[in-house]
1. Any residue at all in segment 173-195 that is near ligand 1 (Cβ under 8 Å from one of its atoms), touching a strand residue (DSSP E or B) at 6+ places or on another chain (Cβ under 6 Å), among the charged types (D, E, K, R) and touching a residue at least 24 places away in the same chain (Cβ under 8 Å)?
2. Could you check segment 113-137 and list, in sequence order, the residues that are under 21 Å from Arg46 (Cβ atoms) and more than 16 Å from ligand 1 (Cβ to nearest atom)?
3. Considering only segment 12-40, how many residues are under 15 Å from Gly87 (Cα atoms) and not aromatic (Phe, Trp, Tyr)?
4. Considering only segment 55-106, state which residues are in contact with a Ser or Thr (Cβ under 6 Å, 6 or more places away or on another chain) and exposed (fewer than 14 other Cβ atoms within 10 Å of the Cβ).
5. Within segment 51-105, can you find the residues that are part of a strand (DSSP E or B) and within 16 Å of ligand 2 (Cβ to nearest atom)?
6. Being of a type outside the set (Lys, Arg), in a loop (DSSP other than H, G, I, E, B) and at pLDDT 95 or above is the filter here, so list the residues in segment 10-48 that pass it.
7. Hydrophobic (A, V, I, L, M, F, W, C) and in contact (Cβ under 8 Å) with a residue 24 or more places away in the chain: is that true of Leu50 in this structure?
Amino acid sequence: MSELHIINHPLITHKLSIMRNRKTGSKDFRELLNEIAMLMGYELTRDLPLEDVQIETPITKMTAKMVAGKKLAIVPILRAGLGMVDGLQSLVPVAKVGHIGLYRDPETHKPVEYYCKLPADIEERIVILVDPMLATGGSAVDALTKLKDHGCKHIRFMCLVAAPEGVAAVQAAHPDVDIFAAALDDHLNEHAYIVPGLGDAGDRIFGTM
Ligand code: PRP
Ligand code: URA
């Protein structure tokens, strides 16, 4: 069963509260999203295995430790996931970036795919799928299926705000994928928006409301 990890950290909670505030403008919203993505990325990569490497410091030879084996890929779900990429890449600059484009149909709330471009060697990488909002879970479930269709076996999903409905949907469809969120909110409203949430993440990032 996939685990839900709520990353409880005072700085993350504080920044998220500023983002939730309707008075916060796009510039601050974008900066805070990237800052939280970096802080969450620190926790999400905590269990990466290390290996011994031989190096020479200016003083002597030594056995040092470096991240072993598989490399990372960051995959944002367009559009809003783009707002988390810079923060994560500042932690892992060598990570490759793929893109999956999905939008929610306003009537059915079901995801519609319009774009997919992934690194050629994605199946060899640990993939961090990112999207600030996990609402019904339809977008995350479809993006995870797409990644698995491309051979990905080690995937983590990172979001900012999760609804219980979305967590249940991902856990049912992808029990092997752990979910990392900054907050678990209360429920979805009749438009499938997260309550209390932060509104439409894509619109707030790109100023399209
Ligand atoms: C938002 C959000 C997620 C999706 C979550 O994207 O960024 O991708 O909704 O909802 P779900 O869990 O019910 O699928 P949206 O469809 O608004 O597209 P956008 O990012 O282009 O604005
Ligand atoms: N997408 C968003 O951007 N916000 C929500 O609350 C739900 C879906």
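The values are calculated or read from the model by the stated rules, or taken from the named source; none is laboratory data. Computed from a prediction, not measured in an experiment: that's the story for all the values here. Please note: Cβ atoms are built from the backbone with ideal geometry, for glycine as well, and neighbour counts cover all protein chains shown.
1. No, segment 173-195 contains no residue that is near ligand 1 (Cβ under 8 Å from one of its atoms), touching a strand residue (DSSP E or B) at 6+ places or on another chain (Cβ under 6 Å), among the charged types (D, E, K, R) and touching a residue at least 24 places away in the same chain (Cβ under 8 Å).
2. Arg125, Ile126, Val127
3. 16
4. none
5. Pro76, Ile77, Leu78, Ile100, Gly101, Leu102, Tyr103, Arg104
6. Asn21, Thr24, Gly25 - these are the residues of segment 10-48 that are of a type outside the set (Lys, Arg), in a loop (DSSP other than H, G, I, E, B) and at pLDDT 95 or above.
7. no
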